[in-house]
Amino acid sequence: MERRDKLNYYLDIADAARERSTCLRRTYGAIIVKNDEILATGYNGAPRGRRNCVDLGICHREELQIPSGERYELCRSVHAEANAIISAARRDMIGATMYLVGRDARTGQLLTDTTSCSMCRRLIINAGIVKVIARLGEDDIRVTDVSEWVARDDTVVS
């Protein structure tokens with residue numbers, strides 16, 4: 001029997017968390033790991049007590065024909081990364097790694113462009129997480145050193 005390597009083990013757990021997602025477009029799962037201990041998990045879905053898109057049967061951003069990756073403030077969901085961060089203490093997250101998996105909600109196919117949005121990047125930076133590992137399709141991953149996001153400030157200038 002071949003033993004699953006740690007990287008894919010944690011990505012598989014993030015994928016399992018993703019199965020709780022309630023988004024009609026893209027489902028995401030995230031876990032935060034430090035010293036081989038899972039600190040928190042998260043998936044994208046409406047805030048506690050509010051109705052989810054799957055319950056409503058409609059995505060307001062799709063209804064407004066907003067392209068994927070834009071106008072997140074109009075989305076009902078809290079992102080997987082944010083939900084994981086909310087569930088952990090900052091003192092525990094400092095130096096941790098986040099594992100992230102995304103799939104198309106309709107087809108179940110792994111996304112090849114999985115990454116954190118600019119709002120979640122800010123949360124990840126402030127949480128003290130140092131690395132984000134994202135599964136990109138069946139056979140590829142991206143390892144991002146969070147310090148790259150700090151150095152490449154993506155602040156929108158109006």
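Here Val78, Val54 are screened, and the one residue that is closer than 18 Å to Leu123 by Cα and of a type in the set (Val, Ile, Thr) is Val78.
Residues are listed down the side, and each one gets a yes or a no for (1) open to solvent by 50 Å² or more (accessible area, probe 1.4 Å); (2) among the hydroxyl-bearing types (Ser, Thr, Tyr); (3) under 19 Å from Glu63 (Cα atoms):
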| residue | (1), (2), (3) |
| --- | --- |
| Leu11 | no, no, no |
| Ala17 | no, no, no |
| Ser21 | no, yes, no |
| Arg26 | yes, no, yes |
| Asp36 | yes, no, no |
| Ala40 | no, no, no |
| Asn52 | no, no, yes |
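Only one of the listed residues (Ile85, Ile31, Ile66) is in contact with a His (Cβ under 9 Å, 6 or more places away or on another chain) and either among the hydrophobic types (A, V, I, L, M, F, W, C) or in a helix (DSSP H, G or I) (or both). That residue is Ile66.
Within segment 70-77, can one find any residue that is in a helix (DSSP H, G or I), free of Cβ contacts under 8 Å to residues at least 60 places away in the same chain and in contact with a Ser or Thr (Cβ under 9 Å, 6 or more places away or on another chain)? Scanning segment 70-77 turns up at least one residue that is in a helix (DSSP H, G or I), free of Cβ contacts under 8 Å to residues at least 60 places away in the same chain and in contact with a Ser or Thr (Cβ under 9 Å, 6 or more places away or on another chain).
Is there any pair with a first residue in segment 3-24 that is touching a residue at least 12 places away in the same chain (Cβ under 8 Å) and on the phi < 0 side of the Ramachandran plot and a second that is open to solvent by 50 Å² or more (accessible area, probe 1.4 Å) and not in a helix (DSSP H, G or I) whose Cβ atoms are under 6 Å apart and which are 6 or more apart or on different chains, and what are they? Close Cβ pairs (under 6 Å, with a partner that is open to solvent by 50 Å² or more (accessible area, probe 1.4 Å) and not in a helix (DSSP H, G or I)) amount to Ala17/Thr41; Ala17/Tyr43; Arg18/Tyr43; Arg20/Tyr43; Ser21/Tyr43.
In this structure, does Thr144 turn out to be of a type in the set (Ser, Thr, Tyr) and touching a strand residue (DSSP E or B) at 6+ places or on another chain (Cβ under 9 Å)? It is true that Thr144 is of a type in the set (Ser, Thr, Tyr) and touching a strand residue (DSSP E or B) at 6+ places or on another chain (Cβ under 9 Å). Number of residues in segment 99-120 that are part of a helix (DSSP H, G or I) and more than 14 Å from the chain's Cα centre (by Cα): the value is 0. Of the set (1) open to solvent by 70 Å² or more (accessible area, probe 1.4 Å); (2) more than 14 Å from the chain's Cα centre (by Cα); (3) touching a residue at least 24 places away in the same chain (Cβ under 8 Å), all apply to Ala96 but (1). Of all residues in segment 99-122, those satisfying the criterion of being open to solvent by 40 Å² or more (accessible area, probe 1.4 Å), touching a residue at least 24 places away in the same chain (Cβ under 8 Å) and of a type in the set (Val, Ile, Thr) are Thr112, Thr115.
The values are calculated or read from the model by the stated rules, or taken from the named source; none is laboratory data. Computed from a prediction, not measured in an experiment: that's the story for all the values here. Cβ coordinates were reconstructed from backbone atoms using ideal geometry, including for glycine residues, and neighbour counts include every protein chain displayed. Side chains are part of the model used for accessible areas, which takes the heavy atoms of the whole protein and leaves out ligands, DNA and RNA. Shrake-Rupley method; radii C 1.70, N 1.55, O 1.52, S 1.80 Å.
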